[in-house]
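Participant: Below: one structure in structure tokens.
Nothing in this text is a laboratory measurement; each read-out follows from the coordinates by a stated rule. Keep in mind the model is a prediction, meaning the values are calculated, not measured. Because the Cβ atoms are built from the backbone with ideal geometry, glycine has one as well, and the counts that use them run over all protein chains shown.
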Ligand code: FES
């Protein structure tokens, strides 16, 4: 990984970890200031500070494992 490379890593049962320089924007296209180069983006949908992860995924038992039909 180079110093200017940006990566997004999906963590099992957790958020998307973004490492590197990224321009974040809200639905209106306005920039969301985020000085950190490593952030966690919520993908469970229940964070109180969206788009950032606040750890609530652990409390609700969020799972990224798809359930197979019939299980
Ligand atoms: S993924 Fe952590 S609060 Fe949603």
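Participant: May I ask you to list the residues in the range 36-54 that are surrounded by 14 or more Cβ atoms within 10 Å (Cβ to Cβ) and either free of Cβ contacts under 8 Å to residues at least 12 places away in the same chain or in contact with a strand residue (DSSP E or B) (Cβ under 7 Å, 6 or more places away or on another chain) (or both)?
Facilitator: 39, 40, 41, 42, 43, 47, 51, 52, 53
Participant: Does at least one position in the range 28-35 carry a residue that is near the ligand (Cβ under 8 Å from one of its atoms) and surrounded by 11 or more Cβ atoms within 10 Å (Cβ to Cβ)?
Facilitator: Taking every residue of the range 28-35 in turn, none turns out to be near the ligand (Cβ under 8 Å from one of its atoms) and surrounded by 11 or more Cβ atoms within 10 Å (Cβ to Cβ).
Participant: Looking at the range 13-35, I want the residues that are touching a residue at least 40 places away in the same chain (Cβ under 8 Å) and have a partner that is exposed (fewer than 10 other Cβ atoms within 10 Å of the Cβ) and part of a loop (DSSP other than H, G, I, E, B) with Cβ atoms under 8 Å, at least 6 apart or on another chain. Which pairs are those?
Facilitator: Every condition considered, the pairs that remain are 13/65.
The rows are residues; the columns are (1) more than 8 Å from the ligand (Cβ to nearest atom); (2) more than 11 Å from the chain's Cα centre (by Cα).
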{"residue": "10", "(1), (2)": "yes, no"}
{"residue": "24", "(1), (2)": "yes, yes"}
{"residue": "37", "(1), (2)": "yes, yes"}
{"residue": "62", "(1), (2)": "no, yes"}
{"residue": "66", "(1), (2)": "yes, yes"}
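Participant: Additional query: I'd like the full set of residues that are exposed (fewer than 14 other Cβ atoms within 10 Å of the Cβ), in contact with a strand residue (DSSP E or B) (Cβ under 7 Å, 6 or more places away or on another chain) and within 25 Å of residue 62 (Cα to Cα), limited to the range 6-24.
Facilitator: Residues satisfying the conditions are 7, 8, 9, 10, 11.
Participant: Something else about it: Exactly one of these conditions fails for residue 49: (1) within 14 Å of the ligand (Cβ to nearest atom); (2) more than 16 Å from the chain's Cα centre (by Cα). Give me its number.
Facilitator: Looking at each condition in turn, residue 49 falls short on (2).
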